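Below is one structure, written out as structure tokens; comments come after it.
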Amino acid sequence: CIEGSFTTFSEGCYCESVPESDFIDGNGITNVTIGSISYVVSLDSYIDLTNEESAPLAQGENSVNTITFETGYAYNAHIWIDFNNNYVFEESERVFSGESASTTPSNLDASFVVPATAQVGVHRMRIATADSGAIPNACYNGYYGITIDLNVEVIDLLGSTDFDANK
């Protein structure tokens, strides 16, 4: 018998989305703005911003977002938010789909309305992008793609994460 071992994560983990890093057009994505928070992004195929400040999103409100591409090519872009925190970006959790222009820089308006029923609290947001007509999914690992993970905090319409009608 051969002894084996493996590691599990007690809190779960998300699928990897690490597009081929040798295939990035131009300067890639240089900035992402989610509501009032702006993130400067480094040139890479996977950017992890989950240790940065969480962007606040209000239930039922329009979240004005911008993705700045400096690729020189049109990129398809999709945004998911794991509203139920089950470590799966489900199709029902995709909040945005669009395509950037091929000009450099190109500011893609990635605005969406936060569902009024979105669970209050911190959730993982994933932005997956790809060019060459590729349609990225939440676990995209192909060529000429860029994936960004960050956290957002859904707040209730009154701006509190601790709303209690009995208070």
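The values are calculated or read from the model by the stated rules, or taken from the named source; none is laboratory data. Since this is a predicted model, take the numbers as computed values, not measurements. All Cβ positions, even for glycine, are placed from backbone atoms using ideal geometry, and neighbour counts span all protein chains on display. Keep in mind that these areas ignore ligands, DNA and RNA; they rest on the heavy atoms of the full protein, side chains included. Shrake-Rupley method; radii C 1.70, N 1.55, O 1.52, S 1.80 Å.
Among all stretches of the chain without exposed GluC sites (Glu not before Pro) (DSSP loop, at most 16 other Cβ atoms within 10 Å), which one is longest?
The answer is 91-167.
With only Lys, Arg, Asp and Glu charged, each at its Cβ (+1 for the first two, -1 for the last two), find how big the charge dipole of the chain is about the Cα centre; round to the nearest 20 debye.
That gives the chain a dipole magnitude of about 280 debye.
Counting only other residues whose beta carbon sits under 10 Å from that of Arg126, what net charge do I get with K and R as +1, D and E as -1?
Local net charge: -1.
Would you mind telling me which residue in Thr129, Thr147, Thr104 has the biggest mean-square fluctuation in a Gaussian network model of the chain, where springs connect alpha carbons within a distance under 10 angstrom?
Thr104
Taking amide H positions as placed 1.01 Å from N in the peptide plane, with prolines and chain starts having none, which residues 5 or more places from Gly142, or on another chain, fall under 5 Å of its amide H?
For Gly142, whose amide H was placed from the backbone, the distant partners under 5 Å are Glu20.
Given a 1.4 angstrom probe, what's the average accessible area per residue across the stretch 56-138, in square angstrom?
That works out to 43 Å² for each residue.
For Phe96, list long-range residues whose amide hydrogen, built 1.01 Å from N in the peptide plane, is under 5 Å from its own amide hydrogen.
Excluding prolines and chain starts, which carry no amide H, the hits are Ile79.
Could you give me D for the stretch 1-137, from Stokes-Einstein at 20 °C and 1.002 mPa s, where the hydrodynamic radius is the Kirkwood radius over C-alpha pairs? Units µm² s⁻¹, please.
Answer, rounded: 132 µm²/s.
Note down the relative contact order for the stretch 34-167 as a percent, whole number, built from C-alpha pairs under 8 angstrom at least six residues apart.
Computed value for the stretch 34-167: 32 percent relative contact order.
Could you tell me what percent of the accessible area of the chain is made up of carbon and sulfur, with a 1.4 Å probe and every protein chain present?
Exposed carbon and sulfur together represent 48 percent of the surface.
Within the set of other residues whose C-beta is less than 13 Å from the C-beta of Arg94, count the net charge using Lys and Arg as +1 and Asp and Glu as -1.
The answer is -3.
Once amide H atoms are placed 1.01 Å from N in the peptide plane, what residues at a sequence separation of 5 or more from Val88, or on another chain, have their amide H within under 5 Å of its amide H?
Under 5 Å from the amide H of Val88: no residue qualifies.
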